[in-house]
Amino acid sequence: MKTASECSQVTVEEQSSPSQHLPERLENRSAGSKHKKNTRKTRNQSISPATSPASSSHQDKTQSAQQTSARFTCDQSTQTEASQLQSVQTQSTQTPPIQDILTPSTDCKSTQTIQSSFSLQQAYWGRSFTEQSADEQKTQSSHLTLICWNIDGLDPDNVFERAKGLLSHLGKYRADVVLLQELVPVSWKILKNIMKDYQFLQGSEDGYFTGILLRKDRVQFLQSNIVKYPTTEMGRNLLIAHASFLGHPLCIMTSHLESCKASSQERLNQLRRVWKWMKEAPQDHTVIFGGDTNLRDWEVKKLRGLPDGISDVWEMLGEPEESRYTWDTSINDNNEIPNSIRLRFDRLFLRAAAEGAKLRPESMTLIGLEKLKCDYFISDHWGILCTFIFGASEEQCVTD
């Protein structure tokens with residue numbers, strides 16, 4: 001977790017404007033980030049030329065970045081401008097063609113459209129099953145695999161290259177369950193157009209939202225529902241899917257809990273609601289929650305830890321250090337935050353079924369740690385790849 005000094009830097013900035021609405025925070029936070037990205041010589045804008053005015057001086061950009069650097073840490077999951085959020089909301093109703101968004105407007109647009117579509121298809125389907133390692137084949141045949149990832153869909157930079165990177169990872173692992181946060185209509189449409197082998201469940205149709213993807217040939221989808229958080233100021237909710245895996249009933253949940261330290265109380269209210277739904281799920285179901293919780297460890301301690309019967313998957317695996325920090329600005333420089341801040345925002349919770357085989361985690365790995373050719377990471381969050389296996393009984397789980 002981040003040091004006390006880092007916490008104090010975040011706290012001062014966040015508490016200075018706790019009454020601001022989300023769009024205002026987005027605008028304040030991203031102004032410096034956008035300027036810094038446009039002045040970074042190594043950045044390679046793969047979609048279109050930079051749109052910042054040429055007359056802006058380096059001094060103005062640097063000053064703007066310094067004034068907003070602390071505010072970057074406010075909402076780690078929505079690094080964009082208010083205008084970008086408004087654009088996303090407009091896209092949700094207009095739903096323009098994917099290729100119109102991803103490719104420049106030129107006389108050869110039709111050719112570029114075909115090439116772009118093929119490139120995305122190739123990124124996802126590029127590795128056939130026969131090319132996968134023996135371990136990967138074993139994992140897919142006998143284990144439940146899950147990916148949880150905040151894909152930072154609100155960041156407008158290098159959309160095409162990042163989408164390719166995301167599809168490459170999703171295609172490589174072919175997880176049985178994929179839990180995504182900070183989707184936007186553009187990214188949602190890209191994934192649905194390419195990943196025909198998955199069932200798609202959408203948490204909302206407005207702004208940015210969560211999604212659950214279920215692999216059709218391995219997970220049988222039964223039903224879904226959305227639980228609204230009554231006092232959210234950021235449009236957050238809980239998306240729930242009921243499904244069956246190898247005859248085992250599952251209840252799968254994802255959410256993007258309220259952002260910013262100033263919203264701690266609302267975030268904890270939402271967390272309590274998540275735990276309540278996990279505990280009240282049918283007792284013969286295994287319940288898995290995964291999402292961008294925006295949690296700090298002290299907040300969980302404030303609630304006196306997790307409720308009985310609900311476990312933190314990372315803790316169940318012995319708290320491996322290599323998969324602790326899912327938001328790590330000491331490595332990930334997508335937002336050019338000057339401070340080194342390391343937080344475990346993204347978490348998985350598990351509630352075992354009261355009857356029948358017990359699901360237990362076997363491994364957890366962070367993914368998306370490699371930079372793309374455009375000098376960006378896929379997201380400002382690392383993804384989580386987790387494998388589970390059903391044991392014959394609770395006693396076996398204890399002795400293994």
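Taken along the Cα-to-beta-carbon direction at a fixed 7 Å, the label points for D308 and K216 span 4.4 nm.
In terms of packing, defined here as the mean over residues of other Cβ atoms within 10 angstrom, the peptides 259-266, 213-220 line up highest first as 259-266, 213-220.
Using 0.36 nm per residue and subtracting the Cα-Cα separation, the extra length available between V227 and E205 on full extension is 6.5 nm. In a fully extended conformation the segment linking E315 and E299 would gain 4.2 nm over its present Cα-Cα distance, using 0.36 nm per residue. Projecting label points 7 angstrom from Cα along Cα→Cβ for S119 and Q265 puts them 4.9 nm apart. For the cross-link pairs K172/K358; K172/K373; K216/K276, the ones whose C-alpha atoms lie over 20 Å apart are K172/K358; K216/K276.
Can you classify region 245-341 as rounded, prolate or oblate using the Cα gyration tensor, where a ≥ b ≥ c are the square roots of its eigenvalues, rounded means a/c under 1.5, and otherwise it's prolate if a/b beats b/c and oblate if not? It comes out prolate by the Cα gyration axes. Counting only DSSP beta bridges with both residues in region 111-390, tell me the antiparallel percent, nearest 5. The answer is about 80 percent antiparallel.
Dipole magnitude of region 111-390 about its Cα centre, charges +1 at Lys/Arg Cβ and -1 at Asp/Glu Cβ only, in debye to the nearest 20? Can you show the working numbers first?
Values: 33 positive and 36 negative charges, 129 e Å.
Around 620 debye, computed over region 111-390.
Taking the Kirkwood radius as Rh and the Cα radius of gyration as Rg, region 266-400 has a ratio of Rg/Rh equal to 1.01.
Kirkwood radius and radius of gyration were both taken over the C-alpha atoms of region 111-390, and their ratio Rg/Rh is 0.94. Peptides 360-372, 315-327 ordered by packing proxy, namely the average of other Cβ atoms within 10 Å per residue, highest first: 360-372, 315-327. Within the accessible area of region 111-390, the carbon and sulfur atoms contribute 49%, probe 1.4 Å, all protein chains present. Computed over protein heavy atoms with a 1.4 Å probe, the accessible surface of region 111-390 works out to 37 Å² per residue. Taking the inverse of the mean reciprocal distance over all distinct Cα pairs, the Kirkwood hydrodynamic radius of region 142-258 comes to 14.6 Å. Each of E355 and K196 was given a label point 7 Å from its Cα along the Cα-to-Cβ line. The distance between the two points is 4.0 nm.
The values are calculated or read from the model by the stated rules, or taken from the named source; none is laboratory data. Predicted, not measured: the structure shown is a model, and the values here were computed from it. Reconstructed Cβ throughout: ideal geometry from the backbone, glycine too, with neighbour counts over all protein chains shown. We work out accessible area using only protein heavy atoms, side chains counted, and drop any ligands, DNA or RNA first. Shrake-Rupley method; radii C 1.70, N 1.55, O 1.52, S 1.80 Å.
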